[in-house]
1. Would you be able to tell me the number of residues in region A:260-288 that are away from chain B (no Cβ under 14 Å) and either closer than 19 Å to residue A:307 by Cα or crowded, with 17+ Cβ neighbours inside 10 Å (or both)?
2. Only one of A:20, A:29, A:51 is under 30 Å from residue B:68 (Cβ atoms) and surrounded by 14 or more Cβ atoms within 10 Å (Cβ to Cβ); which?
3. Being under 20 Å from residue B:21 (Cβ atoms) and in contact with a helix residue (DSSP H, G or I) (Cβ under 8 Å, 6 or more places away or on another chain) is the filter here; which residues of region B:38-51 pass it?
4. Of the residues that sit in region B:128-146 and are more than 16 Å from residue B:208 (Cβ to Cβ) and within 11 Å of chain A (Cβ to nearest Cβ), which one is surrounded by the fewest Cβ atoms within 10 Å (Cβ to Cβ)?
5. Would you be able to say whether some residue in region B:91-98 is open to solvent by less than 30 Å² (accessible area, probe 1.4 Å), aromatic (Phe, Trp, Tyr), modelled with pLDDT under 95 and part of a strand (DSSP E or B)?
6. If I ask for residues that are over 17 Å from the mean Cα position of the chain (by Cα), among the acidic types (Asp, Glu) and part of a loop (DSSP other than H, G, I, E, B), which ones from region B:59-90 would you list?
7. From B:16, B:93, B:20, B:31, grab the single residue that is over 16 Å from the mean Cα position of the chain (by Cα) and at the interface with chain A (Cβ under 8 Å from one of its Cβ atoms).
8. Away from every other protein chain (no Cβ under 12 Å), among the hydroxyl-bearing types (Ser, Thr, Tyr) and part of a loop (DSSP other than H, G, I, E, B), is that true of residue A:255?
Amino acid sequence: MPNIRKYNKGSIIYFQGDIGGEVYVLQKGDVILISTEPYKNEEIKERVNVGEFFGMGATLGRYPHAETAQAASESSVVVFKAAEFEQYAIKNTHLIMKMIRLFSKKLRNVHRQVRSILNAGEEKNAALELLNVAEAFYRNHQLEHAIYAFNRYLEYNPEGVNRQRAQELRQQAKEGRTFPSSYPPPEPESSLANLKTSAGAAGEVQGSNAAADNLSAEQRKKSLALREIYEAGKNAQNSSDQQTALRLLTQCANSAYAIGREENKIVQDAYYRKGIIELKMGKLTNAATTFSEYIKQFPDGLELKRSLLQLGVITELRGDIKQAKSFYSRVATMLPHDEITKESRKRLESLT
Amino acid sequence: MTLTLPATLLERFGVNFENNEIIFCEHEPGNECYFIQEGKVKVIKTVGNTQKTLDVLEAGDFFGEMAILEEELRSASAIAIEKVKALKFTRQNFDLLMQSQPQLAYQLSLIFSRRIFDAKRRLQILLLEDPQLKVTDVFLMLSEKDPRYGRLSEMVFNITMEDVASWSGLPITDTQRIINHFVRQGKIEIFTDRMIIKNINDFSRLVSAKRKNMM
């Protein structure tokens, strides 16, 4: 039988870090949940309403409590031991359903946060990823699995850019042939291709542009120097040499020289890449500063939308949900409606 | 987990897979969750051209469970590596399952709960700025999962350099550099398929000290 325990104002029910073992329901009074993390500067406080359960997550998973629970006024609390709680839940299946819904949502959110850092800056397209899975199976001689995956790609992407490719490869797999090594890589799918080219255009620098912008010899020299540093920075980033990439791209971003159109694009792209590397390295404060500076300097810039999205991501990682939502809403209303709009809407939904 | 399932349940929700049959592939939409009664299922992720085995699940395990609330793209591929007997359910018939077998539903909530903690722990590592600290915390995190943690000083982990790189969110070259540094200091021994941490308490102290400085 569960106990009823009384707590005085200010009493601690459990501390953040204590191993879970009991589940609580607030019967009367006020309880607040306080959490702090080393990399977040504020305390996050949450009220428990009468009739609500708390301390569940840690007790069920047998891990340390993620927050401290404190009575804000004289309170009485129903206390279940883990086994008692299981009995109770099994007799009240709506509670289990509620828990599953809540946990599933939390899990999705934290996975998304993990992916924000691991895959920072890489906007992946699901159709292309599915195709890649099929081709990976094929390359590894798992023909049945490859055929299954090609079928799925074709089923879910009837208008897919790589439709013919998928059909051809599937046929070859059915015939038991090995993966054709000389096959070119697949085409990028949908509107994402346009997004990439606009950002990538900054990298397509040609010497002739300098002449088109009517620069002096001195300016042309500076322009060339900027491009070289930028290209070297990009190469370092592609070969995962984060430290070097950061150094070079920072140089580009801070460059006082951005007279021509092409040079301007380079500086903008360098800013965005710098922010992404900082995010990947876990340097949230630096990344936030970089994206904010970019927005200040280039209020109509090419990377405005993506920078705002990343600021939302960083704010969310820091635990400031209100501010994160405000960034995401802002992005969601900006034209054109593209993959970034979709992403920001998804994130906004998951936070409500 | 011992669970005697009634025949009606098996009839209604039971599915069978042959050895090496693919159950679903990564990135395809799905809204079914599976519970293994018999056999083993391999969960793999495709990274570029290579495939990585994330886990091997057996009787009593769930997989595909993230799809239970909302249709989602599968985050990995699931392949039967023996003849498999499983229960398959969607969010529509999950309620039915719950009424008949609430213990199963309860087990599922335990799994989610544990996973939330693991993911948050992983995020903690990714948000450390110091690369050496990231690697140190990876080993600490792995040791926390070992029930013998706290009693042993030396700990053995069946992981590769790539695993550590993935957990720490660092490029493989940086990871190698840091681990080799620890090897030279005599703190770690590395073999092809495992790593031995000579003194885990050392690492634990390192992380706590640095965490204190950050607060």
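1. Residues flagged as away from chain B (no Cβ under 14 Å) and either closer than 19 Å to residue A:307 by Cα or crowded, with 17+ Cβ neighbours inside 10 Å (or both) within region A:260-288 amount to 15.
2. Values: A:29 fails: under 30 Å from residue B:68 (Cβ atoms); A:51 fails: surrounded by 14 or more Cβ atoms within 10 Å (Cβ to Cβ).
Being under 30 Å from residue B:68 (Cβ atoms) and surrounded by 14 or more Cβ atoms within 10 Å (Cβ to Cβ) holds for just one of A:20, A:29, A:51, which is A:20.
3. Our first condition is that a residue be under 20 Å from residue B:21 (Cβ atoms); within region B:38-51, this holds for B:38-46, B:51.
Result: B:46, B:51.
4. B:145
5. First pass over region B:91-98, keeping only residues open to solvent by less than 30 Å² (accessible area, probe 1.4 Å): B:94, B:97-98.
Next cut, aromatic (Phe, Trp, Tyr) only: B:94.
Now drop any that are not modelled with pLDDT under 95, which leaves B:94.
Subsequent filtering for residues that are part of a strand (DSSP E or B) retains none.
No - not one qualifying residue is present in region B:91-98.
6. Across region B:59-90, the qualifying residues are B:70, B:71, B:82.
7. Among B:16, B:93, B:20, B:31, only B:20 is over 16 Å from the mean Cα position of the chain (by Cα) and at the interface with chain A (Cβ under 8 Å from one of its Cβ atoms).
8. For residue A:255, the condition - away from every other protein chain (no Cβ under 12 Å), among the hydroxyl-bearing types (Ser, Thr, Tyr) and part of a loop (DSSP other than H, G, I, E, B) - is met.
The values are calculated or read from the model by the stated rules, or taken from the named source; none is laboratory data. Fair warning: this is a prediction, and the values are worked out from it, not measured in the lab. All Cβ positions, even for glycine, are placed from backbone atoms using ideal geometry, and neighbour counts span all protein chains on display. Side chains are part of the model used for accessible areas, which takes the heavy atoms of the whole protein and leaves out ligands, DNA and RNA. Shrake-Rupley method; radii C 1.70, N 1.55, O 1.52, S 1.80 Å.
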